[in-house]
Each structure stands twice: as C-alpha cells, then as structure tokens.
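J.: Let me begin by handing over the structure; questions about it come next.
The values are calculated or read from the model by the stated rules, or taken from the named source; none is laboratory data. On a predicted model such as this, the values are computed, not experimentally measured, just so you know. Virtual Cβ from ideal backbone geometry, glycine too; neighbours counted across all protein chains shown.
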Amino acid sequence: MATGFGIVGCGMIANFHCKAVADLRNAKVAACFDMVPAAADRLAAQVGCRAYHDLDAMLADPAVDVVTICTPSGAHMEPALAAARAGKHVIVEKPLEVTLKRCDAIISACEKAGVKLATIFPSRFHESAQLLKRAVDQGRFGRLTIGDAYVKWFRTQQYYDSGAWRGTWALDGGGALMNQAIHSVDLLLWLMGPVTEVTAHTATLAHERIEVEDVVMATLRFANGALGVIEATTAAYPGALKRIEIHGSEGSAVLEEEDIKTWAFAKPTARDKALLERMAGKTQTGGGAADPAAIGHHGHTAMFKDVLKAISSDSTPLIDGPEGRRSVEVILAIYKAGESGRTVTLPLGSDPALKAKAKKKG
C-alpha cells in the first residue's frame, strides 16, 4: 500500500515536494491544503490528489500518513503541531521554525505523539556533500582549521514584493541568511561540528520595504577550535553558485553547489583524481542563485526516501528535529551579534528576547 503524503501550503516549493514524491516507489501525494482555497485546488488538479480547504479535515483523512509543511517559515509550527496531534509523521521545509521556542514546540509535540519528524535540507543528500562528509569523518583533513560558507545570490525587488510575508521577521524569520543561506549553514555545521561563538555585521543595502538583511557577514569559532566565515546576500547581481570551503592541516576541499572544485590531500589515494574529475560537473541547475525555482528535486527525493525508511524501520531520520534546530540557533546568534555588535556565545537556549524581537518587527 502506497504511503500517502499530505501537503500543507501550496506555493512554489510544494511543486518540488510533489515531484519528489512522484519519484518514490510506493508513495503518492494523497491530499493538499492551503489557506487560499484556489491554491489548493490548483495543485490538486496538477497532481491528481484531493484538495482540502480545512486543515483538520485533511489531517483526519486516513489516506494521509505523512504531512509536509510548505507554509512560510514563521507559520511552520501550527500545522506541524496539528499534524503530530493527528498522528501523522511530519516533514518541515527549512527552516524548522524562526525561533528556538517554536522549534522546540515542534520537536516536543512529535516526540509526545510518537511520530517521525524531519527537517528538509536536501543538500546533505547530494553525492558531493556525502563525499566531503566522509573525508572529514575519515580524518583526511588532519586538524580542521577553517570552514567557510559563501552564498552570494541575487533577488529582485519584485521577489520581495510578491508576497506580504517576504522579508518580514515574523514569517520569513530573517533575510538572506535565514531564508537562502540556511542550506549552507546546515552543511557547514554538519561538516565542521558545533559553533561556540559568533561575531557579525548585517545590513539592508539593495532592497526596499523589507525588515530583514540582504547582506550579512559573520565569523565563527567552532568547538573543535577551527575558525570560519559565513557570507550571505541576495544583493549580488547576477548571483553565483553557493560555495563551501573546508581546510585543514592535511587537506582542502571546495564544494560549489554540487561540483567539487578542489580535492587535495597530503596523503592522496588512488581514487582522488577520478573522483575530482567525476564530481567537477555535477551541477545541472542554477542552484537558486538568481531564480528560486532553478533547483532540482533529487535532494528532496532522497530525503523523503530516508524518512520512509525511518518510518518502516522505526529509526530516526538523518535530519530530524534537533538537527534542523542547529542551523536556526546559529543564525539567531548571528542576528543577535549583528544587532548588538558583540560576540555571542552558544548555545542560546530558547531565548524569549529573540521571539519578542520577531513579534515586534513583524
């Protein structure tokens, strides 16, 4: 019997969820819901699923086993809690939520209900990222010294004007860092380990009528002693592929979207040259650098497959709630450092001041 997916929020990213589910064996999109009935009707017509105009009604549908949350970032918690209470497994688009308290509420609700929770970070499932992680775990870099993430993208003013929620603290949760660069933040933490302190500068330089940053630069200190930099913007015309750089005392690697550009180690193996040649031209899309829709769905497919495996084997998804929470915490620390002009130490915990700031600015 096919596992039924129910989609909450029928905007652009929901289309990628539908494509990912279509690529899975024994899975189907069974239902969709949106607060705008026409949006749900439109997606249902495209996919061939049932449209719901009431969330509770969709969650009561026995054909729905897994719920994917595709609403604006600051509106993830409410449908996630409702899905957990209804006994449905939950997959949440990045970020898990926009405050730690809301992240923790989702994690707690899913634990209490005994359902699986996953946060969507498809970049971790790309082969190039997996190879980089394996090299780190094997100690090929020696002592890790520097870990950097660069996301120099471009978004037009029309992009922010296209939805009242875009560029707001309450529903976007932040700007270039929280919305766009969070994928790279997640990869950097996955590869380099926890962050213990950050400093930052943030600015809004090229867009109007938004509350959040379109440029951010942060320095990081990792728990292993390594240092790092995060640069993120939506104001770098025409936009470039995102880039991760990992350096150590015995090796360096550079990942540009899905391409491995540098793969150099003090102790090379027989496979290194062939690996570099094979992984140098993997990127097939614009990576979202200038067009949010210019991404592939293969990472979502791999992630959904992992969630279905976790359900069937009663194990934990590779990117569960706590894993999804980590990048949100670091981003909130960067925002706090940018606003205060001071070094911020981690962990933050559930910081009520951050939630109050988001509520005030939203």
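J.: When residues of segment 102-124 are filtered for being of a type in the set (Phe, Trp, Tyr) and over 18 Å from CYS70 (Cβ atoms), how many remain?
T.: So the first thing to find is which residues in segment 102-124 are of a type in the set (Phe, Trp, Tyr), and the list is 121.
If we keep only those that are over 18 Å from CYS70 (Cβ atoms) too, we end up with none.
Number satisfying all stated conditions: 0.
J.: Quick one: which strands (runs of 3 or more DSSP E) sit completely within segment 187-256 and have at least 1 residues that are surrounded by 21 or more Cβ atoms within 10 Å (Cβ to Cβ), charged (D, E, K, R) and without any contact (Cβ under 8 Å) to a residue 24 or more places away in the chain? I'd like the intermediate steps shown before the answer.
T.: Working: elements: 195-203, 215-222, 227-233, 243-248, 251-256.
Output list is empty.
J.: Moving to a separate point now. Residue by residue through segment 259-288, note down the ones that are among the charged types (D, E, K, R), within 25 Å of the chain's Cα centre (by Cα) and closer than 18 Å to ILE246 by Cα. Working first, answer last.
T.: Taking segment 259-288 as the starting set, the residues that turn out to be among the charged types (D, E, K, R) are 259, 261, 267, 271-273, 277-278, 282.
Now narrow it down to the ones that are within 25 Å of the chain's Cα centre (by Cα): 259, 261, 282.
If the condition is that a residue be among the charged types (D, E, K, R), within 25 Å of the chain's Cα centre (by Cα) and closer than 18 Å to ILE246 by Cα, then ASP259, LYS261 are the ones that fit.
J.: For segment 133-153, what are the residues that are surrounded by 19 or more Cβ atoms within 10 Å (Cβ to Cβ) and part of a strand (DSSP E or B)? Steps first, please.
T.: Within segment 133-153, the subset surrounded by 19 or more Cβ atoms within 10 Å (Cβ to Cβ) is 135-136, 140-141, 144, 147-153.
Answer for segment 133-153, where residues must be surrounded by 19 or more Cβ atoms within 10 Å (Cβ to Cβ) and part of a strand (DSSP E or B): LEU144, GLY147, ASP148, ALA149, TYR150, VAL151, LYS152.
J.: In this structure, is LYS261 in contact with a strand residue (DSSP E or B) (Cβ under 8 Å, 6 or more places away or on another chain), of a type in the set (Lys, Arg) and part of a loop (DSSP other than H, G, I, E, B)? Outline the logic, then answer.
T.: Details: in contact with a strand residue (DSSP E or B) (Cβ under 8 Å, 6 or more places away or on another chain): yes; of a type in the set (Lys, Arg): yes; part of a loop (DSSP other than H, G, I, E, B): no.
Judged against the criteria, LYS261 is not a match.
J.: Just give me the residues in segment 161-186 being within 30 Å of ALA253 (Cα to Cα) and not in a loop (DSSP other than H, G, I, E, B), in sequence order. Spell out how you get there, then give the answer.
T.: First, pick out the residues of segment 161-186 that are within 30 Å of ALA253 (Cα to Cα): 174-186.
Listed by number, the residues that qualify are ALA176, LEU177, MET178, ASN179, GLN180, ILE182, HIS183, SER184, VAL185, ASP186.
J.: Same structure again: Report, by residue number, each residue of segment 146-169 that is among the aliphatic types (A, V, I, L, M) and modelled with pLDDT of 95 or more.
T.: From segment 146-169, those among the aliphatic types (A, V, I, L, M) are 146, 149, 151, 164; that's our starting set.
Within segment 146-169, ILE146, ALA149, VAL151 meet the criteria.
J.: What number goes with the only condition from (1) touching a residue at least 24 places away in the same chain (Cβ under 8 Å); (2) not assigned by TED's automatic domain parsing to the domain that holds PHE222 that VAL136 does not pass?
T.: (2)
J.: If a residue has to be over 30 Å from HIS207 (Cα atoms) and among the β-branched types (Val, Ile, Thr) to count, how many in segment 133-169 make the cut? Please lay out each step first, then the result.
T.: We begin by selecting, within segment 133-169, every residue over 30 Å from HIS207 (Cα atoms); these are 133-146.
Applying the additional criterion that residues be among the β-branched types (Val, Ile, Thr) yields 136, 145-146.
Total meeting the criteria: 3.
J.: Also, I was wondering about something else. Evaluate the following for VAL98: is it part of a loop (DSSP other than H, G, I, E, B), within 21 Å of GLU329 (Cα to Cα) and in contact with a helix residue (DSSP H, G or I) (Cβ under 7 Å, 6 or more places away or on another chain)?
T.: On the way: part of a loop (DSSP other than H, G, I, E, B): yes; within 21 Å of GLU329 (Cα to Cα): yes; in contact with a helix residue (DSSP H, G or I) (Cβ under 7 Å, 6 or more places away or on another chain): yes.
Against the criterion (part of a loop (DSSP other than H, G, I, E, B), within 21 Å of GLU329 (Cα to Cα) and in contact with a helix residue (DSSP H, G or I) (Cβ under 7 Å, 6 or more places away or on another chain)), VAL98 qualifies.
J.: Shifting gears a bit: Pull up segment 266-288, narrow it to residues that are small (Gly, Ala, Ser) and surrounded by fewer than 11 Cβ atoms within 10 Å (Cβ to Cβ), then point me to the one that is nearest to GLY251 (Cα to Cα). First the steps, then the outcome.
T.: Filtering segment 266-288 down to residues small (Gly, Ala, Ser) leaves 266, 270, 274, 280-281, 286-288.
Adding the requirement that they be surrounded by fewer than 11 Cβ atoms within 10 Å (Cβ to Cβ) leaves 270, 274, 281.
Working: ALA270: 15, ALA274: 17, GLY281: 21 Å.
Looking at the filtered set, the residue picked out is ALA270.
J.: I need the helices (runs of 4 or more DSSP H) fully contained in segment 15-91, keeping only those with at least 1 residues that are surrounded by 18 or more Cβ atoms within 10 Å (Cβ to Cβ) and free of Cβ contacts under 8 Å to residues at least 24 places away in the same chain. Please lay out each step first, then the result.
T.: On the way: elements: 37-47, 55-59, 77-85.
Because the criterion is at least 1 residues that are surrounded by 18 or more Cβ atoms within 10 Å (Cβ to Cβ) and free of Cβ contacts under 8 Å to residues at least 24 places away in the same chain, the helices (runs of 4 or more DSSP H) in segment 15-91 that meet it are 37-47.
J.: Kindly indicate whether LEU177 is farther than 22 Å from THR99 by Cβ and touching a strand residue (DSSP E or B) at 6+ places or on another chain (Cβ under 6 Å). Outline the logic, then answer.
T.: Numbers: farther than 22 Å from THR99 by Cβ: no; touching a strand residue (DSSP E or B) at 6+ places or on another chain (Cβ under 6 Å): yes.
For LEU177, the condition - farther than 22 Å from THR99 by Cβ and touching a strand residue (DSSP E or B) at 6+ places or on another chain (Cβ under 6 Å) - is not met.
J.: Quick test for you: out of THR204, THR219, THR233, THR269, pick the one residue that is in the same structural domain as MET178 (by TED's automatic domain parsing), of a type in the set (Ser, Thr, Tyr) and under 30 Å from ALA20 (Cα atoms). Walk me through how you get there before you give the answer.
T.: Values: THR204 fails: under 30 Å from ALA20 (Cα atoms); THR219 fails: under 30 Å from ALA20 (Cα atoms); THR269 fails: under 30 Å from ALA20 (Cα atoms).
When all the criteria are applied, what remains is THR233.
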